[in-house]
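The values are calculated or read from the model by the stated rules, or taken from the named source; none is laboratory data. These numbers come from a predicted model, not from an experiment. Ideal geometry is used to build each Cβ from the backbone, glycine not excepted, and the neighbour counts take in all protein chains shown. Please note that ligands, DNA and RNA were not included when accessible areas were found on the heavy atoms of the full protein model with its side chains. Shrake-Rupley method; radii C 1.70, N 1.55, O 1.52, S 1.80 Å.
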Amino acid sequence: MDKPTVAGYFDRTQMVTRKDGGSHISIHEFEVWSDPPAELIRRALVDDLAHRFGSDRVMATPAEHYAVPEWRIALDVIRFDVDEGGEAVLDARWTLLGGPGDRLVASRREWLEAPSGDPTDPAKRVAALSETVTMLAIRIGDAIAAAKPDAQRR
């Protein structure tokens, strides 16, 4: 999986929440991610897909000097935050490329939501955002399985 591109407003170590119906954001100076969000998203997707298909078959790129990938995933994250009502949102476009010449296999835009329960609790916001990434991994994994039924873990 290639490193995702992410919207500039949350491409920072500080956590961001959305308020006023989505027209404004709040940056939480003392609530920080352990790594840049793009890297955290990629790591979570790779881990989820590796769990489904086998850790020897899923890796972050660039890894081409180790193996020629059968599938390549490109991800553009447009929105990744929690709103003032506590709803975590992941809005992303993803593209699955496969085979010789990286032919287009699937391309979709996903809007995924998960309740955090408490928008003021950073741990609950992170858990809800993580849930949206897991949902995305399931959808991407389903596209891989549909494109090549024997891609399922053996």
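Details
- Using just its DSSP H runs of length 4 or more, each adding -39500 (n - 2.57), the chain gives a mean residue ellipticity at 222 nm of -9500 deg cm²/dmol after division by all residues.
- Taking the chain as a Gaussian network of alpha-carbon nodes connected by springs under 10 Å, the highest mean-square fluctuation of the residues 20, 81, 35 belongs to 20.
- Accessible surface, per residue, of segment 1-61 when the full set of protein chains is kept, probe 1.4 Å, Å²: 54 Å²
- Pairwise alpha-carbon distances in segment 1-111 exceed 19 Å for 52% of all pairs.
- Highest mobility in the GNM of the chain, judged by mean-square fluctuation with C-alpha springs under 10 Å and restricted to 73, 27, 140, is found for 27.
- Taking 7 Å steps out from each Cα toward its Cβ at residue 19 and residue 47 produces label points 3.1 nm apart.
- Theoretical gain in end-to-end length, residue 146 to residue 39 [0.36 nm per residue, Cα-Cα removed]: 35.8 nm
- Estimated dipole of segment 62-139 in Debye, rounded to 20 [Cβ of Lys and Arg +1, of Asp and Glu -1, Cα centre]: 400 debye
- Look at the dipole of segment 1-117 built from charges on Cβ: of 33, 78, 106, the Cα furthest out on the positive end belongs to 106.
- Just checking the listed ones, 37, 115, 100: in the Gaussian network model of the chain with Cα springs under 10 Å, the one fluctuating most is 100.
- On Cα atoms only, tilt of 122-147 relative to the major axis of the chain in degrees: 20 degrees
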